[in-house]
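Read the structure below first, then the notes.
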Amino acid sequence: MKVGIFGQSNNEVTIKYVQELVELCLEHEVSIVIEDNFYRSFSHHIHDIKVETFSGYKDLDRHLDFFFSVGGDGTFLRSITFIRDLEIPVIGINTGRLGFLANIQKEHIEKAIVQIIKGQFTIQKRSLLGVSVEGADIELNNLSFALNEITLTRKNTASMIKVDTSLDHEFLTTYWSDGLIISTPTGSTGYSLSCGGPIISPSSKNIVLTPIAPHSLAVRPLVIPDQTHIELQIDSRADEVLMTLDSRLYTLPNKSRVIIEKCPFYIKTVQLKDQTFIQTLREKLLWGEDKRN
């Protein structure tokens, strides 16, 4: 078995647990390849161990068995920029606080490794959104996709933006708001949820349109089939608006036209035998209640 490893190099907690992960892999005769910048941040702690490294998507072998993301959900989202369409299953180890994607707790790394070696897991396919932009000269660097959400928001103005929205080439409505979130089921527990959007099971074949602080109280989040072709025409009082693809930020000129469709590939995630989406959801919601109390 051979696995890839990625994490945030400026997080001492992450570095501590990735050292444990590396040692466990070697103990169980699992070959590893580590993202180059991340490896440099902690290599002095394992100076007697030589490992392979990679620096990008083109360096990865499609035949890697698994890819470990060590950190939080943000780290997981950055991990998929390496994976893209390689179909390597991603495993999220949570060394932060909340973790819907990184759902293996740091204290359970050894248990997780044993279960994975024994094949005690299932693979879950998660859909992504692809985007193209007309009327704007921007470089997406082959990263024109999002696992969580695509958002359009105002920039350099306190005024709302206007987003004319069409679904399958039929005009739906004009959103007057601070912005619009287009979310996958995976992203439904993120930004969309904080703006009043519904929680959707990862296996659902849907997309959610969630306005951010809409002008009209009658405007509500809308759930649509994930095969829907979405066209968004932006109009702002400022010269520019912001577009995010998960954690990646881009500036678009006003009047840009954004086209969104489901990606032709999936991201595979690993669910251990004792994990379910409902269990994770219950734990995270209870965690939130505990923090408020």
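The values are calculated or read from the model by the stated rules, or taken from the named source; none is laboratory data. Please read all numbers here as calculations on a predicted model, not as lab measurements. Glycine also receives a Cβ, built like all others from the backbone with ideal geometry; neighbour counts cover every protein chain displayed. Accessible surface is based on the protein model in full, side chains and every heavy atom, while ligands, DNA and RNA are left aside. Shrake-Rupley method; radii C 1.70, N 1.55, O 1.52, S 1.80 Å.
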Exercise for review: Using only the C-alpha atoms of the chain, find the volume of their convex hull and express it per residue in Å³.
Suggested key: 142
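With every protein chain kept in place and ligands, DNA and RNA left out, what is the accessible area per residue of region 26-122? Probe 1.4 Å, answer in Å². Show your work: numbers first, answer last.
Values: 4650 Å² over 97 residues.
Ligands and nucleic acids excluded, the result is 48 Å² per residue.
Tell me which DSSP H helices of the chain clear both cut-offs, 18 Å or more of axial length from alpha-carbon atoms and a mean Kyte-Doolittle hydropathy of at least -0.5.
12-27
Counting only protein heavy atoms and a 1.4 Å probe, tell me what percentage of region 78-207's accessible area is made up of carbon and sulfur. Mind showing how you got there, number by number?
Details: 2480 of 5490 Å².
Roughly 45 percent of what the probe reaches on region 78-207 is carbon or sulfur.
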Point to revise | Mean separation of Cα contacts under 8 Å (6+ apart) over length of region 65-157, as relative contact order % | key: 22
Exercise for review: Express the relative contact order of the chain as a whole percentage, based on alpha carbon pairs under 8 Å and six or more residues apart in sequence.
Suggested key: 18
Exercise for review: Add +1 for every Lys or Arg and -1 for every Asp or Glu among the other residues with Cβ under 10 Å from the Cβ of Gln105, and state the total.
Suggested key: 0
Exercise for review: Go through Cys25, Gly72, His108 and say which Cα lies farthest out towards the positive end of the charge dipole of region 1-146; charges sit on Cβ, +1 for Lys and Arg, -1 for Asp and Glu.
Suggested key: His108
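Determine the sum of side-chain charges near Glu231: Lys and Arg each +1, Asp and Glu each -1, restricted to other residues whose C-beta is under 12 angstrom from that of Glu231. Working shown, then result.
Working: positive: Arg257; negative: Glu134, Asp164, Asp168, Glu170, Glu261.
My count for the surroundings of Glu231 gives -4.
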Review point. Rolling a 1.4 angstrom probe over the protein heavy atoms, how many square angstrom per residue are accessible across region 192-287?
Key: 49
Exercise for review: Count the lysine pairs in region 169-293 whose Cα atoms sit under 22 Å apart, keeping only pairs 8 or more residues apart in sequence or on different chains.
Suggested key: 4
Review point. Which value, in debye to the nearest 20, describes the size of the charge dipole of the chain about its Cα centre when Lys and Arg Cβ atoms bear +1, Asp and Glu Cβ atoms bear -1, and nothing else is charged?
Key: 580
Practice item. Quote the charge dipole size of region 152-247 about the Cα centre in Debye, to the nearest 20; the model charges only the Cβ of Lys and Arg (+1) and of Asp and Glu (-1). Key: 300
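Can you sort Met160, Met1 by solvent-accessible area, 1.4 Å probe, largest first? Before the final figure, lay out each step's value.
Details: Met160 65, Met1 90 Å².
Putting Met160, Met1 in descending order of accessible area: Met1, Met160.
Need one word for region 40-128: rounded, prolate or oblate. Basis is the Cα gyration tensor (sqrt eigenvalues a ≥ b ≥ c); a/c below 1.5 gives rounded, then a/b vs b/c decides.
On the way: a/c = 1.33, a/b = 1.10, b/c = 1.21.
It is rounded, given that a/c, with a ≥ b ≥ c, falls under 1.5.
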**Study point:** Ordering of 211-223, 50-62, 230-242, 79-91 by burial proxy (mean other Cβ atoms within 10 Å per residue, highest first)
**Key:** 79-91, 230-242, 211-223, 50-62
Review point. Once the whole set of protein chains is in place, how much accessible area is left on Glu139, using a 1.4 Å probe, in Å² to the nearest 10?
Key: 120
